[in-house]
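Note sheet for the following structure.
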Amino acid sequence: LQKCDLHRLEEGPSTTAVMTREEGLHYYKTMQTIRRMELKSDQLYKQKIIRGFCHLYDGQEACCVGLEVAIKPTDHVITAYRAHGFTYARGVPVREILAELTGRKGGCVKGKGGSMHMYTKNFYGGNGIVGAQVPLGAGIALACKYFGKNEICLTLYGDGAANQGQIFETYNMAALWKLPCIFICENNRYGMGTSVERAAASTDYYKRGDFIPGLRVDGMDVLCVREAAKFAAEYCRAGKGPILMELQTYRYHGHSMSDPGISYRTREEIQEVRSKSDPITLLKDRMVNNNLASIEELKEIDVAVRKEIEEAAQFATTDPEPPLEELGNHIYFNEPPFEVRGPNQWIRYKSVS
């Protein structure tokens, strides 16, 4: 594996990795499902079936998959609004993700969250305010330490959020309190439409924690991400405090569906990344070259994934929208029902926890 760049660490993650055939097939299917799900989301958005904000994750699949397989289901994850891949990796079925995108009752948050706000157990969703999830992640890590369950929190943000003041305040608290938090900068080279070179005086994001140790990782290689995440998780569980990871990755779509993505970068640049370092192709070549799987076998997985996505899209476009009466539900947790005012003072909804 490509060696990680290190900051304040004497040794880093292993440069060799063992991957079984079963693991490889699982990683391949998961990344391919995320890729196809995002391409279907693009199609549904252009058909005006998905409305509002929508930020796609294709190109970055190795990040969420590599991180998820390196931690435990009881560990915690919080990220920014490019969240569909993490939602799937954390165990939410494709049909519930697509139904959430189309605002349907069968969505993972009952059609109320849309693209930017998906949640499941131990996954605290995509967050719409740039960088605001980082202090929340430190709070989750504080709870992990407080309850003494040896759990950790992965707190993700993009290179565009990396210059936010609240992130540095959070680094400071996390280091002082030795919180079991892995801060992860998914550096996809463009914060909205601005390249990292134009936005940051220092693009060494893994060094930005200053007194917090850091790693810079090839975010296009699922095994590199997995090994680095295992290393970081062990560091946190050992009570050494927080650690920072920078995943060097790339998004194929624009920042959001309203951004064509080619006004600040060329089509040739995107094509070059696709041809040289696509995460799915890298894994596929590695598996075929090491006789872990045949091309025909992987094609069968592709066909099965496409079928699953089509069935999920069918559900997401036919499932009913949530009734208006549900608007007041789930505002508070564990509270007795109470009345919530609707769009005007004469309309009342019952809030159910």
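The values are calculated or read from the model by the stated rules, or taken from the named source; none is laboratory data. A quick note: this is a predicted structure, and the numbers were derived from the prediction, not measured. Don't worry about glycine lacking a Cβ; one is built from the backbone with ideal geometry, like all the others, and counts go over all protein chains shown. With ligands, DNA and RNA removed, areas are computed over all heavy atoms of the protein, side chains included. Shrake-Rupley method; radii C 1.70, N 1.55, O 1.52, S 1.80 Å.
The table that follows gives values for the structure above.
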{"quantity": "Check on PHE86, in the same structural domain as ARG198 (by the TED database), out of contact with any Lys or Arg (no Cβ under 6 Å at 6 or more places or on another chain) and surrounded by fewer than 24 Cβ atoms within 10 Å (Cβ to Cβ)", "calculated": "no"}
{"quantity": "Residue identified as open to solvent by 20 Å² or more (accessible area, probe 1.4 Å) and touching a Gly at 6+ places or on another chain (Cβ under 9 Å) among LYS112, LYS72", "calculated": "LYS112"}
{"quantity": "Single match in GLU321, GLU326, GLU297 (criterion: within 26 Å of GLN47 (Cα to Cα) and surrounded by 11 or more Cβ atoms within 10 Å (Cβ to Cβ))", "calculated": "GLU321"}
{"quantity": "Any hit, the stretch 35-44, residues being outside any helix (DSSP H, G or I) and touching an Asp or Glu at 6+ places or on another chain (Cβ under 8 Å)", "calculated": "no"}
{"quantity": "Test: residue in the stretch 213-229 that is farther than 30 Å from HIS26 by Cα, touching a strand residue (DSSP E or B) at 6+ places or on another chain (Cβ under 7 Å) and not small (Gly, Ala, Ser)", "calculated": "yes"}
{"quantity": "Residue list for the stretch 59-96, filter: within 8 Å of the chain's Cα centre (by Cα) and of a type in the set (S, T, N, Q)", "calculated": "THR79, THR87"}
{"quantity": "Helices (runs of 4 or more DSSP H) contained in the stretch 59-106 and holding at least 2 residues farther than 21 Å from ILE152 by Cα", "calculated": "94-101"}
{"quantity": "Boolean, ARG208 is closer than 22 Å to HIS55 by Cα and basic (Lys, Arg)", "calculated": "no"}
{"quantity": "Long-range neighbours under 6 Å by Cβ, at least six apart or interchain, first residue outside the structural domain of ASN291 (by the TED database) within the stretch 8-27, second surrounded by 15 or more Cβ atoms within 10 Å (Cβ to Cβ) and of a type in the set (Lys, Arg)", "calculated": "none"}
{"quantity": "Hits in the stretch 192-241 (condition: free of Cβ contacts under 8 Å to residues at least 40 places away in the same chain, farther than 20 Å from CYS4 by Cα and outside any helix (DSSP H, G or I))", "calculated": "ALA201, ALA238"}
{"quantity": "Hey, GLU311 among the charged types (D, E, K, R), in a loop (DSSP other than H, G, I, E, B) and either in the same structural domain as CYS108 (by the TED database) or surrounded by fewer than 16 Cβ atoms within 10 Å (Cβ to Cβ) (or both) or not", "calculated": "no"}
{"quantity": "Candidate set from the stretch 337-353 (those that are assigned to a loop (DSSP other than H, G, I, E, B) and open to solvent by 90 Å² or more (accessible area, probe 1.4 Å)); member that is modelled with the lowest pLDDT", "calculated": "PRO343"}
{"quantity": "Cβ pairs under 8 Å, 6+ apart, first in the stretch 251-276 and open to solvent by less than 20 Å² (accessible area, probe 1.4 Å), second among the acidic types (Asp, Glu) and modelled with pLDDT of 95 or more", "calculated": "ARG251/ASP58; TYR252/ASP58"}
{"quantity": "Test for GLU246: is it under 22 Å from the mean Cα position of the chain (by Cα), open to solvent by less than 40 Å² (accessible area, probe 1.4 Å) and in contact (Cβ under 8 Å) with a residue 40 or more places away in the chain", "calculated": "yes"}
{"quantity": "Condition broken by LEU9, with the remaining ones in (1) open to solvent by less than 90 Å² (accessible area, probe 1.4 Å); (2) assigned to a helix (DSSP H, G or I) satisfied", "calculated": "(2)"}
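Every residue, every condition in (1) farther than 24 Å from ALA89 by Cα; (2) of a type in the set (Gly, Ala, Ser); (3) crowded, with 24+ Cβ neighbours inside 10 Å, yes or no:
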position: TYR119; (1), (2), (3): no, no, no
position: VAL134; (1), (2), (3): no, no, yes
position: PHE183; (1), (2), (3): no, no, yes
position: ARG189; (1), (2), (3): no, no, no
position: SER202; (1), (2), (3): yes, yes, no
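Per-residue answers, yes or no, for (1) closer than 30 Å to GLU22 by Cβ; (2) among the basic types (Lys, Arg); (3) without any contact (Cβ under 8 Å) to a residue 40 or more places away in the chain:
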position	(1), (2), (3)
SER294	yes, no, yes
ASP319	no, no, no
ARG341	no, yes, yes
ASN344	no, no, yes
